[in-house]
Structure formats: structure tokens, C-alpha cells
Amino acid sequence: MSKNSLSIFKDKTLLITGGTGSFGNAVVKELINLELKEIRIYSRDEKKQDDMRKYINNKKLNFILGDIRDSKQIKNALNNVDYVFHAAALKQVPSCEFHPMEAIKTNILGTENLLDACIEEGVKKVICLSTDKAVYPINAMGLSKALMEKVSFAKSKISKDTTIATTRFGNVMASRGSVIPLFCQQIYNSKPITVTNPSMTRFMMYLEEAVDLVLYAFKHAKPGELFVQKSPASSIKNLSLAMADIFNLNKNQINVIGTRNGEKLFEVLVSREEMAYAIDNKKYFKIPAVFENMKYENFINQGNDILSASQEYTSNNTSQLSVNEVKNLLLNLPIINSLRNGSIEDYI
């Protein structure tokens, strides 16, 4: 996105929850040289805050230690803040599955704390970050993010001065906890890479594209709207074959272990219900906030022919990447090139 299109940030203060994560680091690099007054990083990890402070080393960047579960601290952090990117969440499927109440406290109640404080403190715009696992969810993480989206939508209906909108991502390549860093670590440790189900498909997008999606939503969003980037997908088989090609692995170095608990065969980025109203903006889908359809009758005794005809947008019916296309995507990832040079210490 051009710097001219980001002039709205001039002399403004932006707060990023969970700002020490992959998204926070990427968006700070994108925005730090603009004429922002201040970027506040709100997170609970003091080690990552210290690492980020030393790495970026910019006076515009200020760090606030706190948890979005703490309504008092998040309200303090929002004093004189203009905009918020809400990236704080529990994202690991196994962690949320074994500790579902912790996912509820952070992803749902924490989001409510944040949005209530944003409305009270007069924040102008909030963009919440969600995941494809929130659509037709089958695990605790997805369920909690689905309810996070519902909280965001509900708050957007009652907020007069704070615009609240949401973005939803597919698989962000090489993000923390995703499959590509796992494969890289296994290769680095001279172990076979573990493939679950070769037929599984997953959306593929760069971290920079995730940042662009949030910035696009930030610029264009109206209350309650949801933005999704159209993304190609790869089968896990093609992903593993691309990794094998890059690192000269043989068949004995690829183990098929079967589908793990909480995994789908394919992911859904836009549900059937949402596709009925989705607006195609070339690179993105915009799902408007259809407030007039939020009536009890629509859930009880009134149907809609549009819903009967629509089809969800999934990692199975989007464009599918070949092995070579996946390989070309992978070769643009820093972790892949670092591993090719014999080290991934900066990414573990």
C-alpha cells in the first residue's frame, strides 16, 4: 500500500494488542517511518518487548506491559489513542483445546474488555484480526475466535463514534506455530518431516499480505464489516514435495502421520451465509454488516433464497497451487533461505 494512502496515520497514535507477535512486528516495520505520533505495543511478554525494542530502536515505539484480560490496564493504555489493531489472542490449537477457558478469557472476554475500553476512550477505529478456523469451527481455538467475531460485530452495532471491523486470515506462511516452521525445524534437526493428511488443503498468504489486508480494512471499513483476502491454496502433499525439492529430501524423510485432533480436511474463509452478501473487491471479499437482517424472525420462521444458492469460499474451491508454484512461494520466505544457509536460530 502506498505511503500516500496511509496519510491518515499522520500525527496519530496507534495501539497494537499482541504487538510483539509476527503481525505486530511486520506492521510496525511497515508504519514506523510514517509520520505517526506514536505506536504503542500492548502485550504480556516482557522478553519479546525487550527484543523488539532493541531490534527496531525507534523513539516512536512505546511498550506497555499488560493483558487484554485486565480491563483497567487496557483502558489506561488507550488514553489518547486514535486507532487500534487487535492481534492479541491465544492461537495454538492444542493449548486452547486443553485449556478452553483460557481461550475464552483471552479471545472472547479480552476482546470485550478491549472494545468496551475503545468505545469509552473515544478510539476512532479498531480492526480485529481473526482466522479461517473461526468459520464452521471444530476446535476450541476456532470456537473462541468465532465468538470474538460475534463480539466485534455486536459492539460495532452499539458504538456511535468508534468504527469496529474485522479481518480474517487463512494460513499465514511461516507464522509462529504454523506448518512451515515445523518442517524447517524438523529438517534442521535431521528428522523426517511429518505430514498429516496429504489431501488436506490450506490457504497460503505472506505475512506482508496479512498486513496489507488489515491496512486495506482500516482505510475502507464501515462498522461491522468483515474483510477477507482471496488466497490460493496448496495441498499438504504439494507443500511437502516443494520442501523436499528445496532441501533434497527423499521419500524416507517424509512421514505421513494421519490427521490430528482438531484438524479439518480443508479450511473455510467465507461461509455460505456470508457469501450470500459478500462484495467482490477483486483482491478482497467484503462482507457488509447486514444489520437489517439481524432479526429474530430470520433465525426462526423466515428463510432466504439467497442463502440456499450460495456456496462457501474454501481452500478446496480456490485456485490450487502446483508443486513449483508452492516452491516459488517458499523461496521468498526468510526462514527457508536461512535454513538453506544452515541455520534457523533467528526463527525458533
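The values are calculated or read from the model by the stated rules, or taken from the named source; none is laboratory data. In this text the structure is predicted, and so the values were computed from the model without any measurement. We place every Cβ from the backbone using ideal geometry, glycine too, and count neighbours over all the protein chains shown.
With K105, K91 as the choices, which residue is among the basic types (K, R), surrounded by 18 or more Cβ atoms within 10 Å (Cβ to Cβ) and either out of contact with any Gly (no Cβ under 9 Å at 6 or more places or on another chain) or not in a strand (DSSP E or B) (or both)? Spell out how you get there, then give the answer.
Details: K105 fails: surrounded by 18 or more Cβ atoms within 10 Å (Cβ to Cβ).
Checking each option against the conditions leaves just K91.
Any idea which residue in segment 166-220 is modelled with the lowest pLDDT, counting only those that are small (G, A, S) and in contact with a Ser or Thr (Cβ under 7 Å, 6 or more places away or on another chain)?
The qualifying residue modelled with the lowest pLDDT is S175.
Can you tell me which of (1) modelled with pLDDT of 95 or more; (2) assigned to a loop (DSSP other than H, G, I, E, B); (3) more than 30 Å from V179 (Cα to Cα); (4) under 23 Å from the mean Cα position of the chain (by Cα) is the one S2 doesn't meet?
Of (1) modelled with pLDDT of 95 or more; (2) assigned to a loop (DSSP other than H, G, I, E, B); (3) more than 30 Å from V179 (Cα to Cα); (4) under 23 Å from the mean Cα position of the chain (by Cα), only one is false for S2: (1).
Would you point out the residue of segment 181-222, among those that are assigned to a strand (DSSP E or B) and either of a type outside the set (S, T, N, Q) or free of Cβ contacts under 8 Å to residues at least 40 places away in the same chain (or both), that is farthest from K283 (Cα to Cα)?
I193
Take segment 59-88 and flag every residue that is in contact with a Leu (Cβ under 8 Å, 6 or more places away or on another chain), more than 20 Å from N25 (Cβ to Cβ) and assigned to a helix (DSSP H, G or I).
Matches in segment 59-88: I74 only.
Given (1) at pLDDT 95 or above; (2) surrounded by 19 or more Cβ atoms within 10 Å (Cβ to Cβ), identify the lone condition not met by I335.
(1)
Only residues that are in a loop (DSSP other than H, G, I, E, B) and free of Cβ contacts under 8 Å to residues at least 60 places away in the same chain: list them for segment 125-145, please.
Listed by number, the list holds a single entry, P137.
State all residues of segment 107-163 that are over 29 Å from T314 (Cα atoms) and of a type in the set (A, V, I, L, M); if no residue qualifies, say none.
Residues satisfying the conditions are L114, L115, A117, I119, V123, I158.
Working carefully through the options L109, L90, find the one that is touching a His at 6+ places or on another chain (Cβ under 9 Å) and either under 27 Å from F227 (Cβ atoms) or in contact (Cβ under 8 Å) with a residue 24 or more places away in the chain (or both).
Values: L109 fails: touching a His at 6+ places or on another chain (Cβ under 9 Å).
Criteria check complete, one pass: L90.
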